[in-house]
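Report on one structure; see the data block that follows.
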Ligand code: XLS
Ligand code: NI
Ligand code: NI
């Protein structure tokens, strides 16, 4: 394998070497056509701009199961009977994949890397053991943990929620799990810790005290933040919004809701949002819209880079292939000055019927090439500044005179009325949407 670290270990992706950049002229399906990690784009390498992360759950745990059928992805790292032995194989497979695909970051839920034990203590021990192994592999390969999280939605005890469960005993179990996951994040030097509240919501308002549940959610986020900071966690805590699925209604409905929650409760020093494309579209927004909301509020933390299906109303978690959508995302990221402690985590799964191990590579190569194209297109657009100048000009009437006085809160409603009464009908001004769209397309096509 050309990497001493794996000597003596079983190879899980035999016949696939490290994926290289071969450029758009290459016909090799196992090569990057556009992602050239060392290429400099406005002063920074592609690798540093994009900070790709691999989602442990989809890539090494998701087995193709859907509501109508079981496993279709039979993994060689899932063959041992003892769950800890299987977890160790999985870790080796994961690091082999990380090294071969050449993404610098990964993300996991506690239960992705270590099996749940019979007691809290046993679960903590399992996690500690696996985290120590992961640390060794991080040190040997240079991989970094983008963020960690706790899976508080799969176990049956969480069927009525975790932090928002009506039963205090379940809430306490969730607290224990989060404490251990934060400890893991600290030990592995993670840049972030994510709260995605899959079951923090309701199925029916008839049996739900929503006000009380939301209050518990806030109290638990504060307790987790306080513990993390005390224990030395320096990264961002992040809320990942999603409107529904698995619950009918999730409390962190969309980015606007999560941002308001953060600001309303004075959590902006510690909390950011982690935005997923398919969650934004499920909420009836675009990826672009949710990223903009976060960025406008200084709360853009990180991105779960995937895409949905326009015909399906659920979280299909597909690998990103839509360059137009990705470009609009990268425009926000560049205008935001990057994401500091965030990156692009592929929270995406290959399809149930993509059953070759090479498909995992094709999926990630496609996602990485898509965002490389998007980065360059966004850079052309942002650097030229045509659109930003046009937008600025659109609001020029607020830059001076009475418009500027209005922004400085110098007018009452009556005074504004008098201004209106003393002037004629304003001339209409075109919004020029089609022109803007052409400029964006031109940037995508290299102009
Ligand atoms: C599910 C979420 C989940 C989070 C991490 O829809 O996207 O994968 O990213 O718990
Ligand atoms: Ni996600
Ligand atoms: Ni999702």
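Each reported figure results from applying straightforward, stated rules to the coordinates on display, with no laboratory input. Keep in mind it's a predicted model, so treat the numbers as computed, not measured. Note that each Cβ is placed from the backbone with ideal geometry, even for glycine, and that neighbours are counted across all protein chains shown.
Most fluctuating residue of 340, 376, 37 in a GNM of the chain with Cα springs under 10 Å: which is it?
340
If you line up the long axis of helix 255-264 against the longest principal axis of the chain, both from Cα atoms, how many degrees apart are they, to the nearest 10?
For 255-264 against the chain, the angle is about 80 degrees.
Can you give the convex hull volume of the alpha carbon atoms of segment 324-375 per residue, in Å³?
Convex hull volume per residue, Cα atoms: 81 Å³.
Scaled to the compact-protein estimate 2.2 N^0.38 Å, what is the alpha-carbon radius of gyration of the chain, rounded to two decimal places?
Cα Rg divided by the expected 2.2 N^0.38 Å: 1.06.
What is the Cα centroid distance between segment 222-252 and segment 48-117, reported in whole angstrom?
23
Given a 10 angstrom Cα cut-off, can you work out which residue in 53, 197, 431 is the most mobile in a GNM of the chain?
431
I'd like the antiparallel share, as a percent to the nearest 5, of DSSP beta bridges with both residues in the chain.
If we restrict to bridges inside the chain, about 15 percent are antiparallel.
Can you tell me the length gained on complete extension of the stretch residue 423 to residue 74, counting 0.36 nm per residue apart and subtracting the Cα distance?
The residue 423-residue 74 span can extend by a further 118.3 nm.
Would you please calculate the Kirkwood hydrodynamic radius of segment 66-193 over all C-alpha pairs and express it in Å, rounded to one decimal?
15.7
One quarter of the convex hull surface, Cα atoms only: what value does that give for segment 166-322 in nm²?
Quarter of the Cα hull surface area: 9.7 nm².
As an exercise, use a Förster radius of 45 Å and the Cβ-Cβ distance of residue 353 and residue 159 to find the FRET efficiency, rounded to the nearest 0.05.
Once the sixth-power term is evaluated, E becomes 0.95.
As a check on your grasp of the helix formula, calculate [θ] at 222 nm for the chain: sum -39500 (n - 2.57) over DSSP H runs of n ≥ 4, divide by the residue count, round to the nearest 500.
The per-residue figure over the chain is -14000 deg cm²/dmol.
Using a 7 Å offset from the Cα along the Cα-to-Cβ direction at both residue 144 and residue 264, what is the distance between the two label points in nm, to one decimal?
The two pseudo-label positions are separated by 3.4 nm.
Using the Kirkwood radius built from alpha carbon pairs, what does the Stokes-Einstein equation give as D for segment 232-372 at 4 °C and 1.567 mPa s, in µm² per second?
Stokes-Einstein gives a translational diffusion coefficient of 84 µm²/s.
Can you give the angle from 0 to 90° between the axis of helix 433-444 and the longest principal axis of the chain, with both taken from C-alpha atoms, to the nearest 10?
40
So, R0 is 41 Å and r is the distance between the beta-carbons of residue 84 and residue 244; what FRET efficiency does that work out to, to 0.05?
Efficiency for this residue pair is about 0.70.
Highest mean first, what order results for 148-154, 84-90 on Cβ atoms within 10 Å?
148-154, 84-90
Residues of segment 154-180 with the amide nitrogen closer than 17 Å to a label point 7 Å from the Cα of residue 212, along Cα-to-Cβ, please.
160-172
Order of 416-427, 231-242 by packing, highest average Cβ count within 10 Å first?
Ranking the peptides 416-427, 231-242 by packing returns 231-242, 416-427.
Using R₀ = 35 Å, calculate the FRET efficiency as 1/(1 + (r/R₀)^6) where r is the Cβ-Cβ separation of residue 409 and residue 335; round to 0.05.
Step by step, r from the Cβ atoms, then E = 0.85.
Could you give the radius of gyration (one decimal) and Dmax (whole number) of the Cα atoms in segment 1-157, in Å?
According to the Cα coordinates of segment 1-157, Rg and Dmax are 17.3, 55 Å.
Taking the 0 to 90 degree range and rounding to the nearest ten, how far is the long axis of helix 83-101 tilted relative to the main principal axis of the chain, both from C-alpha atoms?
50
Pick from 31, 329, 372: which residue has the top mean-square fluctuation in a GNM of the chain where Cα pairs under 10 Å get a spring?
Ranking 31, 329, 372 by mean-square fluctuation puts 31 first.
Which peptide among 341-353, 208-220, 269-281 comes first, and what is the full order, when sorted by highest mean count of other Cβ atoms within 10 Å?
Ranked from most to least packed, the peptides come out as 269-281, 341-353, 208-220.
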